[in-house]
Structure formats: C-alpha cells, structure tokens
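Here the structure is laid out as structure tokens; the discussion comes afterwards.
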Amino acid sequence: MTEVVVVDSPDSASSLAAELILSKVRTKPALRLGVATGATPVSLYRRMAVLAKQFGIDLGELQAYALDEYVGLEPGSPQSFRHFLEEHFIEVLGLDSNCLVVPSGDVGTIATAGDHFEKAIRDTGGIDCQILGIGSNGHIGFNEPGSSLGSRTRVKTLTENTRRDNAAYFSQPEDVPVHCISQGIGTILEARALVMLAFGDKKAEAVASAVEGPISASCPASAIQLHPHATVILDEGAASRLEQLRYYKFVWENKPDWQSWRLS
Ligand code: GLP
C-alpha cells in the first residue's frame with residue numbers, strides 16, 4: 001500500500017520528508033537523490049539543511065538527478081530548472097554544483113539528451129530516492145496525462161494547463177516553453193523509493209486520483225501505486241478529497257517504532 005501521511009501544515013510535511021530523506025543519507029552517504037522543482041519542495045530543501053546540521057549528517061557525497069527541464073531556454077536562464085535547483089537545492093544545502101545532473105534542454109542535442117540522461121542514472125547504479133510534487137492535472141515530472149506508464153526520459157509537449165500553472169515564473173505566459181524533457185514514468189518507478197509531497201486544496205483532486213483512483217495514464221501520478229516504497233506526505237488541504245483519510249491517519253498514529261524513519 002502507498003504510505004499516506006497527513007499532517008497539519010506544509011512545514012510539518014516538509015520536516016517529515018526531510019527526516020525520511022536524511023535517514024536514508026545516514027545509511028548511505030552517497031545517496032542518489034532525485035530532486036523536483038516547483039514551489040512544493042522548496043521548504044523541504046531548507047528543512048534538510050537545518051536538520052542535517054542539527055543531527056551532524058554529512059551531505060558531501062550526495063548525488064542529485066533532476067526530474068525535468070524546459071527545452072529551448074537560453075543557457076543559464078533564470079527560468080530553467082537547473083537554475084532553480086542551483087538556487088533552492090545546491091546553495092541551500094551547501095553542495096557542489098557538480099553533484100547535480102539535469103537533463104539537457106539544449107535544442108542542438110535534444111535528440112540524444114534523454115538517452116544520455118538515462119545512461120547517467122544507470123552508470124551510478126540508479127536513483128535511491130525520488131522526490132516528487134504533483135501537477136494540478138496529476139502530472140509527475142512533466143509527464144502529462146496520456147503519458148505511457150512505461151515511458152523513459154524524452155521530450156514532451158506541455159499542456160495549456162501546465163503552461164498556465166508555471167506562467168508565474170516567466171515575464172509573460174507566452175514565454176513558457178511548449179516543450180520539455182522529462183524523466184519518464186518508467187524511469188521514475190525504477191527509483192528505489194518515492195517521496196511525494198502535495199499541499200493545498202488545489203492539489204486535492206489530483207492527489208485523490210493518484211492515491212485512490214485507477215492506475216491510468218489519465219492521471220500519471222497514479223503510477224506510484226505500482227511502487228513498493230512510495231510515501232505521500234500531505235497537508236490537510238491536499239488530503240481533503242481522500243476517501244480513506246481516517247484510515248491513513250490511524251495507520252500513521254499506530255506506526256510501530258521499528259518501522260519508523262524519524263531522526264533521533
Ligand atoms: C512542475 C514540475 C513538477 C512539479 C509541478 C508542481 O510542473 N515539472 O515536477 O511537481 O510543477 O509544482 P508546484 O509544486 O509549484 O505546485
């Protein structure tokens with residue numbers, strides 16, 4: 001079963017996710033971490049920095065792999081996901097930017113960029129833990145509805161809905177690229193563990209479809225139900241449409257110590 005944890009606020013959710021990830025770094029300092037962009041994981045990265053310091057966890061061997069990137073932005077563009085991750089992940093955690101691998105959105109090499117990125121993941125032994133957000137239409141990475149559940153890293157065309165959701169990062173909505181390169185759903189499912197975060201009522205419907213709906217390309221995030229180690233950490237708003245909400249809370253309240261990933 002997908003582990004669903006519902007807490008009172010985005011801050012508590014970020015703290016819990018940070019504990020889950022750092023407990024993995026303790027066991028494996030050279031953890032391969034899949035990192036997501038968007039507003040949702042920003043406080044997670046900040047919380048990881050605070051807790052790593054507090055618990056003396058060294059992040060120096062961490063390797064990070066981005067989920068996706070826009071195609072066709074100028075190199076170094078502030079809207080690129082590489083730039084976002086440099087600012088909100090690498091700098092916040094005090095890491096070396098060489099530890100971050102991002103699929104290339106350069107038009108000149110785009111035909112081979114997906115294979116190149118997949119090889120980079122394979123060569124290091126695979127991603128240990130993949131952080132995920134969720135789009136309001138149920139996308140993960142940039143796997144829009146209709147994406148194959150077995151897909152690998154490749155170029156995708158963004159939906160109008162997603163371009164609208166991401167328009168705030170650009171000076172005008174038309175500037176949001178039409179194309180992106182994204183880890184496929186098959187690529188994401190190969191990570192050894194998945195940690196999905198979602199906050200607010202706006203995500204409630206997508207979260208309910210992902211966790212409790214049928215597994216379907218119409219809601220790409222529903223593919224996480226196929227994963228043996230997927231944890232979904234939500235605030236009350238994002239959890240508000242879940243039918244089994246009371247049960248998830250009961251499971252969490254009765255989680256045995258020996259199954260816990262809390263830091264101490
Ligand atoms: C983008 C990213 C996704 C992210 C989603 C949600 O589309 N490609 O990885 O999960 O946005 O973003 P936010 O967290 O800002 O709601």
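Some points to look at:
- When Glu74, Glu69, Glu118, Glu87 are screened for being without any contact (Cβ under 8 Å) to a residue 12 or more places away in the chain and surrounded by 13 or more Cβ atoms within 10 Å (Cβ to Cβ), only Glu87 passes.
- Here Phe199 fulfils each of the conditions (1) without any contact (Cβ under 8 Å) to a residue 24 or more places away in the chain; (2) surrounded by 17 or more Cβ atoms within 10 Å (Cβ to Cβ) apart from (1).
- The listed residue being among the polar types (S, T, N, Q) and crowded, with 24+ Cβ neighbours inside 10 Å, out of Ser148, Ser136, Ser171, Ser182: Ser182
- Some residue of the range 70-85 being β-branched (Val, Ile, Thr) and farther than 26 Å from Ile21 by Cα: yes
- Test: residue in the range 158-169 that is under 27 Å from Pro75 (Cβ atoms) and in contact with a helix residue (DSSP H, G or I) (Cβ under 6 Å, 6 or more places away or on another chain): yes
- Hits in the range 33-66 (condition: surrounded by fewer than 20 Cβ atoms within 10 Å (Cβ to Cβ) and of a type in the set (Phe, Trp, Tyr)): Phe55
- Taken over the range 95-139, the criterion of being within 14 Å of the ligand (Cβ to nearest atom), in a loop (DSSP other than H, G, I, E, B) and not hydroxyl-bearing (Ser, Thr, Tyr) is satisfied by Val102, Pro103, Gly105, Gly133, Ile134, Gly135, Asn137, Gly138, His139.
- Selection of first residues in the range 34-59 that are in contact (Cβ under 8 Å) with a residue 24 or more places away in the chain and of a type in the set (Val, Ile, Thr) and of second residues that are within 16 Å of the ligand (Cβ to nearest atom) and assigned to a loop (DSSP other than H, G, I, E, B), restricted to Cβ pairs under 9 Å at least 6 apart or on distinct chains, gives the following pairs, ordered by first then second residue: Val35/Pro41; Val35/Leu67; Thr37/Leu67; Thr37/Gly133; Thr40/Gly133; Thr40/Ile134; Thr40/Phe199.
- Just one residue in the set Ser9, Ser15, Ser80 is within 23 Å of Asp201 (Cβ to Cβ) and without any contact (Cβ under 8 Å) to a residue 40 or more places away in the chain; that residue is Ser15.
- Note on the range 1-85: enclosed helices (runs of 4 or more DSSP H) holding 3 or more residues that are away from the ligand (no atom under 15 Å from the Cβ) and over 15 Å from the mean Cα position of the chain (by Cα) are 10-27, 42-54.
- Filter result for Lys156 (at pLDDT 95 or above and within 16 Å of the ligand (Cβ to nearest atom)): yes
- Candidates Ala191, Ala217, filtered to the one that is crowded, with 23+ Cβ neighbours inside 10 Å and under 28 Å from Asp115 (Cα atoms): Ala191
The values are calculated or read from the model by the stated rules, or taken from the named source; none is laboratory data. Because the structure is predicted, anything quoted here is derived from the model rather than measured. Neighbour counts are summed over all protein chains in view; Cβ atoms, including those assigned to glycine, are modelled from backbone coordinates with ideal geometry.
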